[in-house]
Amino acid sequence: MENTALLATLSRLVAFDTVSSHSNVELIDWVAGRLAEHGIQAFVQHGTEAGKANLYATIGPADQAGVMLSGHSDVVPVAGQNWTSDPFTLTRRDTRLYGRGAADMKGFIACVLEMVPRFAAAQLTQPVHVALSYNEETDMRGMRVLAEHLAGLPVRPAACVIGEPTSMQVVVANKGAAIYRVRVRGFSVHSSLRDQGVSAVEVAAEVICFLGALQERLRDAGRNDGFEFPHTSIHVGKIEGGTAHNITARDCTFIFEIRALPGVRAATLLEEVRAHCVGTILPRLHQVSTECAIDFEPIVDTPGLDEGGNRNLAQAMMPLCGCHALGRVSFGTEGGILQDIGVPTIICGPGEIRVAHQPDEYVEIEQLERCMAFLETLCHRLERTRVS
Ligand SMILES: [Zn+2]
């Protein structure tokens, strides 16, 4: 038996080119229109950025907390990737559906939309909230804005399921993700007079060595074996600076990330790095030139998802999706943002994370069917009882 309506919905969703750098408003308006066909009024929250919007819609009794089903509407770019078929045309080959976002995460959104008539017809004692965000793949700005709206509601959702691809397993924790840009200002002289100048490249190297030592200390400080890399990780991914071999470099910039275990705040670690720069490195540089500086610019800082706050929700959800063991993932999600406003959140959705962001991204039809069965069971549950 095949759900052709579901495939048509996914096909339509994939056809919207919602790469994060583009607008997602057409997709949001289309979803709002579909909800309106079932008498559901969606709140479209336009972002401060042009061409960006979130959507939030409640089905069932709005004075009750209910369950939020959340997906990000944006996808990662396809530029430079070698696709077998057009990434924005959902293409079936055997049991797989190929297209950008098929797994991450328009497959989940399609399932939720296909369930809307069922949710609308059910006698829900607890509501279902459909939430779509923007820019999850860049700075998670959409969910930050939507969370502000949710925090101001008289009743917040009691629980949230984010349908990132987990092969329909329940994921209870993910690491945080913080990215920083460091700008080092040195002092240029002819390199033959090196003690009268400061090489920004060498100072950057010194800071990077400190980050490396910090990583080793984090390794010794403890571990969480639920994660493939069981520590908070620090990584320097990009550096540029200097002009020539015989000029002490005036400028050097590098970018590093901190993937913090749940419960660890990247900002606290950053303070340690900053304190070392201010207390140890800069005084030495200022003896040569007061122009020398080390500036830290936070690019993004998303909290991790901590399983402590969502264990009850996870226990309630596991039998609904046939999951036997709770998972922890190293990729970032919007879960920590929702947890920060008091909404327990788990991650559970169709498809595999390993095909996400890749050329020939796909979702197995069987995964979509499992997601539909999960939502059907959830609907049944919400007709009778509280979920958490
Ligand atoms: Zn995703």
Report yes if some residue within segment 28-38 is in the same structural domain as LEU313 (by TED's automatic domain parsing), part of a loop (DSSP other than H, G, I, E, B), over 21 Å from the mean Cα position of the chain (by Cα) and of a type outside the set (D, E, K, R); otherwise report no. yes
VAL264 is checked against (1) of a type in the set (A, V, I, L, M, F, W, C); (2) farther than 17 Å from GLY226 by Cα; (3) in the same structural domain as ASP225 (by TED's automatic domain parsing) and fails just one. What number does that condition carry? (2)
Unique match (being closer than 30 Å to THR84 by Cβ and not assigned by TED's automatic domain parsing to the domain that holds GLU257) among THR345, THR377, THR333: THR333
Take segment 84-129 and flag every residue that is in contact with a His (Cβ under 8 Å, 6 or more places away or on another chain) and surrounded by 24 or more Cβ atoms within 10 Å (Cβ to Cβ). ASP104, MET105
For segment 73-93, what are the residues that are in a loop (DSSP other than H, G, I, E, B) and either within 15 Å of the ligand (Cβ to nearest atom) or within 19 Å of the chain's Cα centre (by Cα) (or both)? SER73, ASP74, VAL76, PRO77, VAL78
ALA204: out of contact with any helix residue (DSSP H, G or I) (no Cβ under 8 Å at 6 or more places or on another chain) and either closer than 18 Å to HIS235 by Cβ or within 15 Å of the ligand (Cβ to nearest atom) (or both), yes or no? yes
Would you list the strands (runs of 3 or more DSSP E) that sit entirely within segment 326-384 and hold 2 or more residues that are within 16 Å of the ligand (Cβ to nearest atom) and without any contact (Cβ under 8 Å) to a residue 60 or more places away in the chain? none
Taking segment 165-197, which residues are surrounded by 18 or more Cβ atoms within 10 Å (Cβ to Cβ), more than 20 Å from the chain's Cα centre (by Cα) and polar (S, T, N, Q)? SER188
Scan of segment 94-116 for residues that are in contact with a Leu (Cβ under 8 Å, 6 or more places away or on another chain), more than 14 Å from the ligand (Cβ to nearest atom) and not aliphatic (A, V, I, L, M), ordered by number: TYR98, GLY99, CYS111, GLU114
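The values are calculated or read from the model by the stated rules, or taken from the named source; none is laboratory data. What you see is a predicted model; the values in this text were computed from it and never measured. Positions of Cβ are backbone-derived with ideal geometry, glycine not excepted, and every protein chain shown enters the neighbour counts.
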